[in-house]
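Below: the structure, in structure tokens.
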Amino acid sequence: MSDEQVKPEATTASAPETEPVGRHARVVLVDDHRMFRTGVQAEIGRTETTGVEVVGEAADVDQAVTVITATRPEVVLLDVHLPGGGGVEVLRRCAPLMTAADDPVRFLALSVSDAAEDVIGVIRGGARGYVTKTITGTDLVDSIFRVQDGDAVFSPRLAGFVLDAFASTDAPPVDEDLDRLTQREREVLRLIARGYAYKEIAKQLFISVKTVESHVSAVLRKLQLSNRHELTRWATARRLV
């Protein structure tokens, strides 16, 4: 995600023409780009006009879980790619909040990505919808209230794609072993399987070698494998390389 994607809509678009009477939604913004969060806040956070109240922000998985748990918003705007495991990890750790009998927290993915893996991953994780960052402020406000009401919301181009992906008889079966891994662990797994050294993985993912080692240990434990050679065979068999 680049700042250029934020400026045209988040800083220059006109205020959403909404009718806030009778509508109010408490929202948490989760995105690792501060400028994007600032732009979205400016665009939708005028509560007297939009009915949306931004009650918290977070830039990574741990912050997101902490803020969401503390504020219990009606809707979370969730980026897919986040430090600490990605949006899927946030959904996993917030699962009890999504299934709460009273005032469940609902998630709407807001991402620059329209990749199949990202879309299906967060929807399977429990998100109520997925919209891209080309969405206008007016449509984003409307999407927030629709998700708050329990509707499923998708950007127009993604709606048919999601239906096809889940309805297709050719869709691959759910891999429970793979689903145990966080997004970051999957990234490390693929690079290990491709023969990358720990230092090379650390450089490519902008993390420390020690963090790479921790992720590899977690992957081996979750998949009940003994070493990177077994891990490579496991990943190759599933065509993840």
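Every residue in region 136-152 that is within 18 Å of THR49 (Cβ to Cβ), of a type outside the set (S, T, N, Q) and touching a residue at least 60 places away in the same chain (Cβ under 8 Å), please.
Listed by number, the residues that qualify are GLY137, LEU140, VAL141, ASP142, ILE144, PHE145.
Among the residues of region 26-61, count how many are buried (at least 19 other Cβ atoms within 10 Å of the Cβ) and either assigned to a helix (DSSP H, G or I) or in contact with a Phe, Trp or Tyr (Cβ under 6 Å, 6 or more places away or on another chain) (or both).
Here the count works out to 8.
When only residues in region 158-195 that are under 18 Å from the mean Cα position of the chain (by Cα) and of a type outside the set (A, V, I, L, M, F, W, C) count, which is modelled with the lowest pLDDT?
Per the stated criteria, the residue is ASP179.
Need the failing condition index for PHE206 against (1) over 25 Å from the mean Cα position of the chain (by Cα); (2) more than 22 Å from ASP177 (Cα to Cα), just the number.
Condition (1) is where PHE206 drops out.
The values are calculated or read from the model by the stated rules, or taken from the named source; none is laboratory data. Remember, predicted model here, so these are calculated numbers, not experimental data. Every residue, glycine as well, gets a Cβ built from its backbone with ideal geometry; the counts of neighbours run over all protein chains shown.
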